[in-house]
Amino acid sequence: MKKILFGLAVLAAFTFTQTTNAQAKPKGKEWKTPAADAKKKSPINLSDASAISAGKSLWGTNCKSCHGVKGLGDGTKAEKIDISCGDFSSKEFQSSSDGDMFYKTKIGRKPMPSYKEKLSDSEIWQLVAYMRTM
């Protein structure tokens with residue numbers, strides 16, 4: 001029993017340290033989405049379970065390495081990036097418009113890559129659906 005409790009304590013400390021370190025980095029320059037893009041509405045139902053599931057799969061392949069499994073900015077590559085990879089569960093992020101999330105994912109800016117050549121618009125909207133669950 002003591003070994004299990006010790007293991008859980010170590011895991012909790014590691015998880016807290018990873019999240020804390022990921023968020024300790026500076027945010028980076030302000031990133032504004034053009035007004036027309038920020039107002040875009042999704043052509044898919046963002047609360048649809050199949051869209052969310054597809055987005056989760058895409059997240060695991062394309063986003064997790066920097067943004068982390070749960071979108072906390074603690075992915076395996078996050079340490080190598082000079083700015084925070086963000087906390088997608090935060091009130092600030094979740095208050096972004098769907099169009100804003102779509103635009104930033106599609107267009108990108110350093111160090112965030114553009115996905116306009118890698119993912120279809122439908123796939124990017126599926127990622128938005130998944131990001132809304134964080």
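Note on segment 87-103: among residues that are open to solvent by less than 50 Å² (accessible area, probe 1.4 Å) and more than 16 Å from Ala38 (Cα to Cα), the one that is farthest from the chain's Cα centre (by Cα) is Ser90. Contact annotation: residue pairs with Cβ atoms under 6 Å, 6 or more positions apart or on different chains, pairing a residue in segment 78-106 that is within 16 Å of Glu123 (Cβ to Cβ) and touching a residue at least 40 places away in the same chain (Cβ under 8 Å) with a partner that is of a type in the set (Ser, Thr, Tyr) and surrounded by 15 or more Cβ atoms within 10 Å (Cβ to Cβ), are Asp98/Ser42; Tyr103/Thr33. Of all the numbered requirements in (1) in a helix (DSSP H, G or I); (2) under 18 Å from Ala24 (Cα atoms), Gln126 misses one, and that requirement is (2).
Take the conditions (1) surrounded by fewer than 17 Cβ atoms within 10 Å (Cβ to Cβ); (2) assigned to a helix (DSSP H, G or I); (3) of a type outside the set (A, V, I, L, M, F, W, C); Lys106 misses just one of them, which is (1).
Within the set Gly60, Gly55, the sole residue that is touching a Leu at 6+ places or on another chain (Cβ under 8 Å) and assigned to a helix (DSSP H, G or I) turns out to be Gly55. In segment 109-134, of all residues being β-branched (Val, Ile, Thr) and buried (at least 19 other Cβ atoms within 10 Å of the Cβ), the one that is nearest to the chain's Cα centre (by Cα) corresponds to Val128. Scanning segment 45-64 for residues that are closer than 19 Å to Ala78 by Cα and not charged (D, E, K, R) turns up Leu58, Trp59, Gly60, Thr61, Asn62, Cys63. The condition (being in contact (Cβ under 8 Å) with a residue 60 or more places away in the chain, open to solvent by 90 Å² or more (accessible area, probe 1.4 Å) and assigned to a loop (DSSP other than H, G, I, E, B)) is satisfied by just one residue among Lys70, Lys41: Lys70. Considering only residues of segment 73-86 that are of a type outside the set (A, V, I, L, M) and open to solvent by less than 100 Å² (accessible area, probe 1.4 Å), which is farthest from Met131 (Cα to Cα)? The selected residue is Ser84.
The values are calculated or read from the model by the stated rules, or taken from the named source; none is laboratory data. Note that the structure is a prediction, hence the values are computed from the model and not measured. Every residue, glycine among them, receives a Cβ derived from its backbone with ideal geometry; neighbour counts consider all protein chains shown. Heads up: the accessible areas ignore ligands, DNA and RNA and are worked out on the full protein's heavy atoms, side chains in. Shrake-Rupley method; radii C 1.70, N 1.55, O 1.52, S 1.80 Å.
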